[in-house]
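The values are calculated or read from the model by the stated rules, or taken from the named source; none is laboratory data. Nothing here was measured: the structure is a model prediction, and the numbers come from that model. Positions of Cβ are generated from backbone atoms using ideal geometry, with glycine treated the same way; all protein chains shown enter the neighbour counts.
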Amino acid sequence: MFKPASFAWLLAHEINLLWRGSILLRTSKYVLVPVIAVSVIFQVVALLIVKYLQSPTLSQAILILIANINLIFLSGLMLSRAMTSTIDVLYSRGDADVLLASPIKPISILAVRMIGVAASVAAPWLLLAAALANALAIFGNPQALATYIIIPMLAALVTAIAFLSVVSLVARSGPAKARLFSHSIALFIGVFIFALGQAPRYIAPASLRTLWQAFMPTATNINAAIWLPARAFLGEFIPAALFCAVSILIFWLVLITRARQFADGTISAAAYGSGPAGRRGSGAFRQHPFATTILKNLRLLLRFPGLVTQTTYRSLTLVPVTMILTGHFTIGTGPSVVIP
């Protein structure tokens, strides 16, 4: 279909790999059935929400506040996912060094990897947001359709940041530490977003109101550049065009400035992953069997730092629930907090 070794051929191969590794293909043989079913359910729910929970017209400042909160959550969750995906597609898949040994230019390989990660990061959020955007457009808010552009552009921006961070970490500290640092950063971002989402549970209403006001413009600075991403998210044409231009520019700059560093890091990662096997035991435990088992599991965790970060993140999300169930923490007035 495409000329071998061309950019389109590489991109089609990358999308095919991401699709084959998606959770949909792993959980169902008939992929389109769950996709269509979930999309229809989301759309029906979104229509019901918009129809029955319509509120009076909000001020521009309140709308920007709502957009900022959504952008913070989306950016954090996207960046966390992009960091782990970047490590996987660059240095864990094991095929980048083979591609670099071919006549294909490193910038083409890096470009398809970045586009693939951006697509995989944007897809689930676009599925959710598109349903709500369609419902809003049906009920008289066509500017909500800007979601179809802003979310992919936001995914491209956070993907560029993730690739810049990972490639720079590999160049400075090597692939082993880069994997650990990248997964740790992803863990920190995920925990921060979770803690921010639980803010009404442990922050007093007065302090929470101050926090919301920090993300809301005043009458004097509502047109400041800092609010452009939020206004783009709300569908304003000029801010949306500027946001898209900046996202594409940053994506392109990372691509053209880090292609050589990416190639060098890939070669280092290939050398790192092909080291000699360690010394084997004589057949008998050199230590107590329990201690040997613990050491073996610790070595496995060090080899797969992503497992550590994912386990830690899921464990931390249970801390508030455990404290509430054991009576060490009480639910405050968080659910009654309203937007100022």
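What to note about this one:
- For Val170, the requirement of being under 17 Å from the mean Cα position of the chain (by Cα) and touching a residue at least 40 places away in the same chain (Cβ under 8 Å) is not met.
- Filter result for Ile149 (over 14 Å from the mean Cα position of the chain (by Cα), closer than 20 Å to Pro229 by Cα and either assigned to a helix (DSSP H, G or I) or modelled with pLDDT under 85 (or both)): yes
- Within the option set Ile87, Ile115, being more than 12 Å from Val158 (Cα to Cα) and among the β-branched types (Val, Ile, Thr) holds for one residue only, Ile87.
- Any hit, region 99-117, residues being within 26 Å of Leu249 (Cβ to Cβ) and of a type in the set (S, T, N, Q): yes
- Condition check for Gly190: among the small types (Gly, Ala, Ser), in a helix (DSSP H, G or I) and surrounded by fewer than 16 Cβ atoms within 10 Å (Cβ to Cβ): no
- When Gln143, Gln198 are screened for being at pLDDT 75 or above and farther than 28 Å from Ala12 by Cβ, only Gln143 passes.
- Among residues of region 223-258 being of a type in the set (S, T, N, Q) and either part of a helix (DSSP H, G or I) or in contact (Cβ under 8 Å) with a residue 12 or more places away in the chain (or both), the one that is farthest from Ile151 (Cα to Cα) is Thr257.
- Filter result for Gln261 (in contact with a Leu (Cβ under 9 Å, 6 or more places away or on another chain), assigned to a helix (DSSP H, G or I) and at pLDDT below 85): no
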